[in-house]
1. Sorting 223, 128, 179 on the 10 Å Cβ count, fewest up front, what's the list?
2. Using 1/(1 + (r/R0)^6) with R0 = 35 angstrom and r between the beta carbons of residue 238 and residue 195, what's the FRET efficiency to the nearest 0.05?
3. Once you place label points 7 Å from the Cα toward the Cβ at residue 135 and residue 61, how far apart are they in nm?
4. Could I have the simple spin-label model distance between residue 166 and residue 90, label points 7 Å from Cα toward Cβ, reported in nm to one decimal?
5. How far apart, in nm, are two points set 7 Å out from the Cα along the Cα-to-Cβ line at residue 212 and at residue 40?
6. Taking the convex hull of the Cα atoms, report for the stretch 61-265 its projected area averaged over all directions, in nm².
7. Quick one: length gained pulling residue 80 to residue 204 fully straight, 0.36 nm per residue minus the C-alpha distance?
8. For the stretch 209-236 and the stretch 78-132, what is the separation of their Cα centres, given in Å?
Amino acid sequence: MEKEKMRKSNKIGLFFKKCGQSFMNLLFPEDIKCLFCGSDIPNFDDKPYCDECEKVLPFNDGHRCLICDEPIDNEANVCDSCQKNKRFFVKAFCPFVYKGLVRKAILNYKDKNKRYMAKSFAKFIANTVTKTGIKFDYISFVPMTKKKEKERSFNQSKLLAKELGKLLELEVKEVFEKTKDGRLQKNSTFKERQENIVGMYKLKDGVKLKNSDVVLIVDDIITTCATINYCSGLIVNKVAGVYVAAIARNKLRIVKDNKSDPLVPF
C-alpha cells in the first residue's frame, strides 16, 4: 500500500515537472531559430540570425552622435538634439536602429511575451559595450509601475538588464521607481515627451549610491532620450558616471510644419 502511494506520488511529481519544463521552454526555448525570421540557423549562440536577415538588418554602425548614438546624416559629431538639450549620461550604446526587422522583433518581445528574445538582444548590447573597455560597477534599468508590469506580466527592460548582467558578470540593481503612468510616449512629440516625463520617476527608497560608481542604465528603445535622460539626471550628481544602453536607437526626423513639433520619431 505504501509503495503504491509512493509510485503515484512520483508519477504526479513527474507530471508537474514536465508541465513546468514545457512552460519554461515556451518562455525560454532552447531550440531558437533566427531571431528575426524564424528560419534555421547553424549556431544560435554564435550568431542568432540567419545570413539573409544579416544582409538587411539595420545595424547602428554608421556615422552617429557621440553622445546619444542617433544616426546622423551630416558630418557633425553631435546631433542637434544633444547640442540643444543637456544630457546627464556620458554616452548611449545602441547596436541597432529601430526600424524594419529589428522594430518588428522588439514589438514581438514586448507585446507578445517572447521573453526568450531578451537573451539575444542582451548579447548585441554586450558586444557593443565590451568593445569600449568601460568598467561598470553595476547595471540598472528603466522601471514600470506595478500596475503596468502586472498587465504586461514582465518588465522588458528589467529582463534585458538581467540577461546583460549575466553576460557582463555585473550586479543588477533596482535604482529607480516609476510613480505613475502618463500618456503613451510613442504617441507623443519631442516636446511632449520631455514634459510628460517630469515627476514620473524617482529614486527607489533605500537605494545606496557611491560617488565612485559607474552605472549603466538599460532600456529597450531610445527615441528622444526623455526617459533615459531623466533617470540619469536622478543619479548624475551621486555617482562617478552614467551610461545608457538599449536594443535600438530610434532616429528622429525634422517636420517642416508649424503645427508639429520640429522633432518627432520616424
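Laboratory data are not the source of any read-out in this text; all were calculated from the coordinates shown. Remember, predicted model here, so these are calculated numbers, not experimental data. Every residue, glycine among them, receives a Cβ derived from its backbone with ideal geometry; neighbour counts consider all protein chains shown.
1. Numbers: 223 25, 128 18, 179 11.
Listed from fewest to most nearby Cβ atoms, that is 179, 128, 223.
2. Working: r = 25 Å, r/R0 = 0.71.
E between residue 238 and residue 195, to the nearest 0.05, is 0.90.
3. 2.9
4. 2.8
5. Taking the two extended label points, one gets 5.4 nm.
6. Details: hull surface 45.9 nm².
For the stretch 61-265, averaging the hull's shadow over all directions gives 11.5 nm².
7. Numbers: separation 124, 0.36 × 124 = 44.64 nm, distance 3.25 nm.
Length gained between residue 80 and residue 204: 41.4 nm.
8. What the calculation gives is 14 Å, centre to centre.
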